[in-house]
Amino acid sequence: MIFVGDGALLRRAVAHAAAQGHPVDLVCCEDPQDAAGARHLHVPASDDVNAHADALAQVCTDGVVWSLNNRRIFRAPLLSGGLRILNIHNGLLPRHRGLPSVAVLFALLNGEREYGATLHEVDAGIDTGRVLAVRRFPVAPDARHFQVMLRGVRACQALFEETLPAVAAAAALPPPPAPAGPSAYYGTRALARLADHRGHPAYAAATDLGPFAAHAPELAAAIGTAAPPHMR
């Protein structure tokens with residue numbers, strides 16, 4: 001198995017896979033500590049992981065690539081190299097495509113009462129591959145951004161651990177429930193609409209990033225610009 005991503009979610013997944021006896025052939029990430037002691041390939045989040053396609057294909061012993069907390073975009077030749085690339089996404093697809101931090105923000109502004117994590121195959125689109133499994137949780141009416149993000153991270157970890165045995169054995173997963181729709185994409189461009197929501201009753205909760213502010217600089221900057229003085 002190859003793992004691509006960054007941070008605690010990646011580190012925990014690598015450690016769990018190794019502890020369960022699964023081969024961890026390579027970890028592509030920026031910080032060597034996130035490789036949890038496994039063989040590390042330095043790939044900053046801004047770099048093109050596809051430039052290492054040949055190396056990844058050579059070292060992968062089971063043909064499986066896991067993407068966790070990963071902002072790198074998979075393209076050719078990786079997508080056409082015979083590897084099975086799976087992503088654990090913080091959000092319910094296709095409703096919460098894009099950046100999880102932005103998707104959570106608008107989920108709260110839209111009054112959504114459900115969030116979760118999704119395991120899906122990676123294709124040439126962004127979060128458009130076939131959904132394989134989901135893990136849902138309710139969103140309380142007074143939930144704040146950082147609380148939903150944290151539960152989403154925990155759901156991602158749980159979903160990875162639940163589905164790892166079947167993926168490793170090339171076994172079929174249970175049929176996933178109906179897709180969470182309609183499809184929507186939340187990238188940095190969506191933040192241009194943030195100022196329009198200043199008067200929304202859920203604005204303060206939806207923009208309360210808490211400890212996640214350091215991990216979502218684009219969102220933190222947009223909130224600092226869009227929020228009225230008493231909310232900054």
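The values are calculated or read from the model by the stated rules, or taken from the named source; none is laboratory data. Please read these numbers as outputs of a predicted model, since none were measured by experiment. Counting neighbours? That spans all protein chains shown, and the Cβs are built from the backbone with ideal geometry, glycine included. We work out accessible area using only protein heavy atoms, side chains counted, and drop any ligands, DNA or RNA first. Shrake-Rupley method; radii C 1.70, N 1.55, O 1.52, S 1.80 Å.
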Please work out the average accessible area per residue across the range 1-82, using the 1.4 Å probe convention, and give it in Å².
-> 46 Å²
Looking only at the range 132-146, which residues have a backbone nitrogen under 20 Å from a spot 7 Å from the Cα of A171 in the C-beta direction?
-> 132-135
Please list, in chain and number order, the residues 5+ apart from A133 or on another chain whose amide H is under 5 Å from its amide H, with Hs placed from the backbone.
-> L119
Summing -39500 (n - 2.57) over every DSSP H run of at least 4 residues in the chain and dividing by its residue count gives a helix-only mean residue ellipticity at 222 nm, to the nearest 500 deg cm²/dmol, of -9000 deg cm²/dmol
Counting only heavy atoms of the protein chains, get the accessible area per residue of the range 115-232 (1.4 Å probe) and round it to a whole Å² value.
-> 52 Å²
Dipole in debye (nearest 20) - the chain, about Cα centre, beta carbon charges: Lys, Arg +1; Asp, Glu -1 = 580 debye
Using a 1.4 angstrom probe on heavy atoms only, work out the carbon and sulfur share of the accessible area of the range 65-191 in %.
-> 55 percent
Sites D123 and D62, calculated FRET efficiency, Cβ-Cβ separation with R0 25 Å, nearest 0.05 = 0.80
Mind checking the full-extension length gain between D48 and R154? Use 0.36 nm per residue of separation minus the Cα-Cα distance, one decimal, nm.
-> 35.4 nm
